Structures are given as structure tokens and as C-alpha cells.
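Down below is the structure, laid out as C-alpha cells.
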Amino acid sequence: MMVYLSLVTSAAILLIGYIMAMSSKELVRLLISLELMFGAVFLALMPLFTVPDLTTSAFSIAVLTIFTSGGELMILIAAMVTFSKKFRSISTDDIVAGGDSP
Amino acid sequence: MDTASLAMVAMCCFAVLTAFAALFTKDTFYSALYMSATLVTIAGMFALNNVQPVFVLITFIFVGAIGAVTVALAAMYRDPKPKIQIDFIWFLPAIITFAAIFNAIFGLKNVPSAFSGSEVSAFVENYAVFALFFFALAILLMLAVVKFVRREEV
């Protein structure tokens with residue numbers, strides 16, 4: 001019951017984060033949506049803790065996931081602050097990638 | 001249904017509701033606050049199922065550090081005239097994906113139901129590898145940030 005609940009909740013939060021990321025017009029909202037999606041990923045790890053032989057592995061995976069995603073979000077925050085200083089904007093419309101013209 | 005299951009149902013509902021609130025609110029500042037509430041609830045679910053180390057990690061790192069920075073950034077870049085930012089066309093693929101995931105989850109067989117606490121002592125045996133990993137991660141983070149700053153100065 002609890003495993004099903006955690007997985008369904010994880011899927012729901014992941015998709016809410018996905019909708020938020022696809023429709024965000026500001027970088028802060030994009031950041032919030034990514035954090036929601038990472039939260040959903042943590043919740044999806046919960047069933048691993050139900051298998052007694054896997055609890056140590058599950059904890060290792062959780063630690064790695066939390067620290068790696070934390071580092072990734074910190075880089076995104078640094079990029080966002082730099083972007084705002086340079087372009088005086090946090091709008092996603094101002095972001096160009098690769099060969100796009102501004 | 002026992003008390004733990006009821007608490008889990010309530011926490012799941014609360015997490016989804018706060019995630020929806022983060023999506024539907026116009027103000028980015030409140031959106032960041034609702035996101036933090038969602039993450040605290042997710043961490044709380046781990047605590048409820050006797051996995052306290054993960055609760056501590058999520059609360060300290062995600063809510064305490066990154067969540068607080070996000071709330072501060074949202075307050076700093078707060079729009080004086082906020083407007084709703086939802087593209088309703090993306091609801092259709094999201095609902096289809098959710099239906100597929102829901103179907104896959106309830107098709108699972110032999111799902112264990114009892115939670116057992118994580119073995120921190122066994123994890124600590126491999127501490128040297130993890131310490132090396134975190135050291136490498138910290139160097140990578142610092143290199144990336146230094147690169148941003150140096151590009152900014154040019």
C-alpha cells in the first residue's frame with residue numbers, strides 16, 4: 001500500500017514539475033520545477049527501502065542522488081545569477097543555445 | 001487502515017496539493033514556498049517509514065540550503081505584476097504519461113510492504129569512496145562557478 005502510494009505520488013509530482021518546466025517564462029520558476037522533479041525522484045527511491053537486503057544500497061543511492069542533484073541545482077543558480085547580471089533579465093525567452101540567434 | 005497508513009495518505013495528498021499550488025500560484029515567491037513545503041513533506045514520508053537519515057539529508061540539503069536560496073532568489077526577482085504561467089496544452093501529454101505510469105505501478109507483483117531502517121554503519125564502511133566522490137563533486141562545482149565568474153569579467 002505504502003509503496004504504491006509513494007510511487008503514484010512521485011509520478012504526480014514529477015508530472016506537475018514537468019508541466020511547470022514546459023510552461024515557465026522565468027528562470028526562477030524553471031528552478032522551482034526542477035527541484036520539484038528532484039523531490040519526485042527521491043520519493044521514487046522509497047520502495048528500495050522496503051527490501052531488507054537493499055537498504056544499504058538504497059541509502060548509498062539516496063546520498064549520491066541528493067548530493068549530485070544539489071550540486072546541479074547550485075550550478076543552475078550560479079548560471080541564473082550570471083545570466084541576470086549580464087542580460088538584466090530572467091526571462092526564458094532571452095535564452096539562446098548553440099547556433100540560435102538572440 | 002492503521003495510523004501510519006492514514007498519515008502516509010494524508011502526507012501524499014498534502015505533497016501533491018502543495019505541488020499543484022506551486023504550479024498554479026501567480027507569484028514566484030509563493031511558488032518557491034509551496035515547493036519547499038512539498039519537499040519537507042516528501043522528507044517527512046521517509047521519516048514516517050523509519051528512514052530518518054534520508055529525511056535529515058533532504059531537509060538539510062534540499063530544503064535548508066537550496067530551498068532557502070531559491071526562496072531568496074524568488075523574493076529578489078519578484079514580479080510586481082505576477083501572472084499565471086501555465087501552458088494548458090502540456091496537460092494532455094502529462095495526463096497520458098500519468099495514466100501509463102499508474103497502469104505500470106498497479107501492474108506490479110510481489111511488492112513488499114514493510115519498511116526496514118537503513119544501515120548507516122554498513123554505508124560508512126565505503127566512506128572513503130564516497131569522500132572521494134564528494135571531493136571530486138566539490139572541485140567540479142567550484143571549477144564551474146569560477147568559469148562563470150571569469151567569463152563575466154572578460
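Summary of computed values
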read-out	value
Which listed residue is farther than 28 Å from B:TYR127 by Cα, in contact (Cβ under 8 Å) with a residue 40 or more places away in the chain, in a helix (DSSP H, G or I) and under 14 Å from the mean Cα position of the chain (by Cα), from A:LEU30, A:LEU14, A:LEU73, A:LEU7	A:LEU30
Any hit, segment A:16-37, residues being touching a strand residue (DSSP E or B) at 6+ places or on another chain (Cβ under 9 Å) and at the interface with chain B (Cβ under 7 Å from one of its Cβ atoms)	yes
Breaking point among (1) more than 10 Å from every other protein chain (Cβ to nearest Cβ); (2) open to solvent by less than 40 Å² (accessible area, probe 1.4 Å), for B:ALA10	(2)
Some residue of segment A:35-47 being in contact (Cβ under 8 Å) with a residue 60 or more places away in the chain and open to solvent by 40 Å² or more (accessible area, probe 1.4 Å)	no
Residue, surrounded by the most Cβ atoms within 10 Å (Cβ to Cβ), within segment A:1-34, restricted to residues that are at pLDDT below 90 and of a type in the set (D, E, K, R)	A:GLU26
Selection status of B:LEU92, of a type in the set (A, V, I, L, M), more than 8 Å from every other protein chain (Cβ to nearest Cβ) and exposed (fewer than 15 other Cβ atoms within 10 Å of the Cβ)	yes
Among the candidates B:ILE139, B:ILE101, residue that is open to solvent by less than 80 Å² (accessible area, probe 1.4 Å), at pLDDT 80 or above, closer than 30 Å to A:THR56 by Cβ and facing chain A (nearest Cβ under 7 Å)	B:ILE101
Set A:ALA40, A:ALA11: member being of a type in the set (A, V, I, L, M), farther than 29 Å from A:ASP93 by Cβ and in contact with a helix residue (DSSP H, G or I) (Cβ under 9 Å, 6 or more places away or on another chain)	A:ALA11
Residue in segment B:119-131 that is at pLDDT 75 or above, assigned to a helix (DSSP H, G or I) and over 29 Å from A:THR50 (Cα atoms) present	no
Number of the condition not met by B:ASN49 [criteria: (1) of a type outside the set (A, V, I, L, M); (2) touching a helix residue (DSSP H, G or I) at 6+ places or on another chain (Cβ under 8 Å); (3) at pLDDT below 85]	(3)
Residues of segment B:31-60 that turn out to be surrounded by fewer than 17 Cβ atoms within 10 Å (Cβ to Cβ) and without any contact (Cβ under 8 Å) to a residue 24 or more places away in the chain, as a count	3
The one condition in (1) part of a helix (DSSP H, G or I); (2) at pLDDT 65 or above that B:GLY107 fails to fulfil	(1)
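The values are calculated or read from the model by the stated rules, or taken from the named source; none is laboratory data. The structure presented is a predicted model; accordingly, all values stated were derived computationally and were not measured. A quick note on method: Cβ atoms are made from the backbone with ideal geometry, for glycine too, and the neighbour counts reach across all protein chains shown. With ligands, DNA and RNA removed, areas are computed over all heavy atoms of the protein, side chains included. Shrake-Rupley method; radii C 1.70, N 1.55, O 1.52, S 1.80 Å.
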